Structure formats: structure tokens, C-alpha cells
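Following: one structure in C-alpha cells, then a few remarks.
The values are calculated or read from the model by the stated rules, or taken from the named source; none is laboratory data. The model shown is predicted, which means the values in this text are computed figures rather than measured ones. Neighbour counts run over all protein chains shown; Cβ positions are idealised from the backbone, glycine included.
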Amino acid sequence: MCEHFGWSQSSGITRSQFNELIEDDDETDDDELRQALLNLQMQVGKSSRPSVVGSSWQRKSLLHLPNVDSTKNMSRSEMTSNLFSLLDTSGSSRLSSAQLRKFAEASGFEGDADEWASQFNSMCEHFGCNPADGVSQPEFLEFIGDEVEHSDEELRRVLVSLQARA
């Protein structure tokens, strides 16, 4: 990276160089920055080393992220139930394509609207639901699957991310 930007490896990266790296829209988008921040906040307290994110900064985060510790002891079923509730903004007990796309994007989907429509329709076909009706909570649980498809840690990050956006 230092070579790419013409920076000296021996002296490290200055704040202005870091800002240059972060502000380069071709290199890092806002969602990647949010995810990096969430990952750093998730690491707080997991190590005996001092955190890269200082405690005063955590309390004053500009993103006003919810306390990650609030999800730390949640079971998988509690996390999936909370995820479904956060996504079901209409209160219909079914997730529309747009609502489910929020989960997909928070867990790494980067396709455009056409790719998502195709993905959503394929998923509905696979789980035997009508795309026009949306996805029920049991179908959502099937979509999330077991820890091989979506780990608890991934669900925790997505839940915190969606709570921050809500």
C-alpha cells in the first residue's frame, strides 16, 4: 500500500495520508468504512492489548453505534428474531425484496438492482415462497441457515450494523 501511494514504509502512515486513503472513493466506500468500524468496535475487550479504538472515542462515535456488548450474549435465535424485526419495518410479518436486501447488503451482497431481483427470485423459488408475498420468518431462518452459511459473528455484525442504521 505504501508503495502504491508513494509513502515511506519506515515512517508509517500519517493522519493526512490515512485520510487520503479513506477519502479515495475508488479504494474504500462508506459501507466498507462502517464495517471496519464495527469490526474494530467488536474487538474491544477481546484482547489484552490496548484497543485501536479508544474508549472515549467509542462513547462519542459519530455513528452513534449501539453498544456491541448488547448482542454479545444473544443466542442465535435471539439474533435472528431481532434481525427479522428490524427488517420488517412494515409490520407485515413478511420481508419484501427491498427489506431482505438490507440484510444481504449488510452481509456482503454488492450486486445491482437486477442482480438482487434475480437473487431474491431464486431464493424464493428455492424456499418455495412467492416473491410477491415476501419472505416469512421461518423462510428467513432457512435463508440464514446454519453457522456454515452465516456465522453467529456475522449475524452479530449485521445486527449491530442494522441497529445503527435504524
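Points to keep in mind about this one:
- Just one of the listed residues (Leu95, Leu100) is surrounded by 12 or more Cβ atoms within 10 Å (Cβ to Cβ) and in contact with an Asp or Glu (Cβ under 8 Å, 6 or more places away or on another chain), and it is Leu95.
- Tabulated pairs, region 88-106, first in the same structural domain as Met123 (by TED's automatic domain parsing), second assigned to a strand (DSSP E or B), C-beta under 7 angstrom, 6+ apart or interchain: Asp88/Leu95; Ser93/Ser136; Arg94/Val135; Arg94/Ser136; Leu95/Val135; Leu100/Val135
- Screening the candidates His64, His4 for the property of being at pLDDT below 65 and farther than 30 Å from Asp146 by Cα yields one hit, His64.
- Count - residues of region 120-147 that are under 20 Å from Glu110 (Cα atoms) and among the aliphatic types (A, V, I, L, M): 2
- Near pairs, Cβ below 6 angstrom, 6+ apart or cross-chain, from region 137-162 (of a type in the set (Lys, Arg)) to any residue that is at pLDDT below 85: Arg156/Thr71; Arg157/Leu38
- The selection criterion, being out of contact with any helix residue (DSSP H, G or I) (no Cβ under 6 Å at 6 or more places or on another chain), small (Gly, Ala, Ser) and assigned to a loop (DSSP other than H, G, I, E, B), holds for Ser90.
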